[in-house]
1. Give the residues of region 169-202 that are surrounded by fewer than 20 Cβ atoms within 10 Å (Cβ to Cβ) and aliphatic (A, V, I, L, M), sorted by residue number.
2. Considering only residues that are free of Cβ contacts under 8 Å to residues at least 40 places away in the same chain and within 27 Å of the chain's Cα centre (by Cα), look in region 345-374 and name the one that is nearest to SER391 (Cα to Cα).
3. Among the residues of region 168-221, what is the count of those that are assigned to a strand (DSSP E or B) and either farther than 23 Å from GLN282 by Cβ or among the β-branched types (Val, Ile, Thr) (or both)?
4. Please state which one of ASP310, ASP331, ASP359 is farther than 21 Å from ASN423 by Cα and not assigned by TED's automatic domain parsing to the domain that holds ALA394.
5. Collect the residues in region 316-350 that are at pLDDT 85 or above, closer than 17 Å to LYS404 by Cβ and not in a loop (DSSP other than H, G, I, E, B), keeping them in residue-number order.
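The values are calculated or read from the model by the stated rules, or taken from the named source; none is laboratory data. Remember, predicted model here, so these are calculated numbers, not experimental data. Reconstructed Cβ throughout: ideal geometry from the backbone, glycine too, with neighbour counts over all protein chains shown.
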Amino acid sequence: MKLLQLISLSTVIIHVNSSPISFFNLFKKSDELEELSTGPITPQRNESFVLNGTNSTTGSTGQNSTNSTSSTSNSKPNILLYSFSNDFTKLYESNSSSTNSNLSISAAELSNILYNSNQGTNGNSTAQNSNFQSTILKNSLSKIANISYQDISNVSSSDFNSTYLLKLYYTLNETIESNPPDGIVILQDFSNIETSAFFLDLVLNSSIPIILTTEPTSQNFLTNGVSNLYDSVLVATNSSDFVNQGTLVVSDKKITSGFYSIPVSTNLGNSIDSSPQGLLGQIYEGKIQWFYESIDLTSDFNFTFTKETDSLPNILILENGQGRLNLEIIDFLEQNDDLSGLIITSQTSTPEFNSQIQDKISELSKKIPVVITTDTPNGGSISPNDLSLGSTIAGGILDSVKAKVLLQLCVNSKYDLDEIKHNFESAYGG
């Protein structure tokens, strides 16, 4: 019977994907699976989980309901998912039962199935494929954690701003103080993960693991959307191995610090990298491999907000290159009373301005703080020695996105120019 179930799963996966998958490991561990499928499930990193049961959800906020025993449920960590789109809720709630309801597989094998089946899927996949993946994801997550989820706001990536950052902060802060889960996973559009991860790293000081990953949508659900979410929950459930690390970002089997994470777009798609620190770890065959010992990476800043704060100061990012920075633009910025700060970035490690631009920037920096950064592809830094203008602020290792977040927090806290310079210098080498 067990052999027929495995063949049934392989048939379905091959049917919905164009690339073949190796099922050698599925047969190799058949004795272990039979033993594990008869007893309670404990969500440890290297153990096996049973893929069965029917899950149900209600509304935009809900929790999985499984056929597990109470002792099994109590042994699982509580993981809270936050989403910025109701698209995820619709996908997660779809097709709640599996045709292979009694199939037992290991965490490593499940991770391989999800990952390989995702990689073998193309953009012409049918709705049946998405439903199959949704079932695999939903049933598998319910076996490693008690999952609850909430839509924070339904906002497009282009409309995401500091108002939604603060809404996320207030929601997380209230949850952590009143009813803290064992882990939190935040699902977000790829283009905004760097901003949110760095912001939360500066304003939240919590030992609870906070993981960010790309949100499963109808566009990426059959590419890396499924495996990223599964891996993020897996990391959140193994938080005891790596506590007090601030925010973490999980993408394409890689674990990075939210402090250092940067988005990378290539011909193969979007991913998250880390510079200059490098990766903290990776997920391989359902197991987490850490590259560092657990050290405290939480922020030493003490930025706080009141409920009256519903947005952060207006900071503009301006690129220096190809004629984008000229006298007319700086004159316009000088006359803009709504502007609270300026980030000037370039693709070179040494900022260069002609004498007229330098004079204009010098005058502008007397009115608002001006930070000079670099967005070089392989990372870089701007030190005070790189600046010809003493009144400007060196961004250090921060790119323009992170420099904007830090400057917004400093200006919101009413820091003067010397205090802002000190924050960039002491933490980031600026």
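1. If the condition is that a residue be surrounded by fewer than 20 Cβ atoms within 10 Å (Cβ to Cβ) and aliphatic (A, V, I, L, M), then ILE176 is the only one that fits.
2. ILE372
3. Qualifying residue count for the region: 7.
4. ASP310
5. Listed by number, the residues that qualify are LEU316, ILE317, LEU318, GLU319, LEU333, GLY341, LEU342, ILE343, ILE344, THR345.
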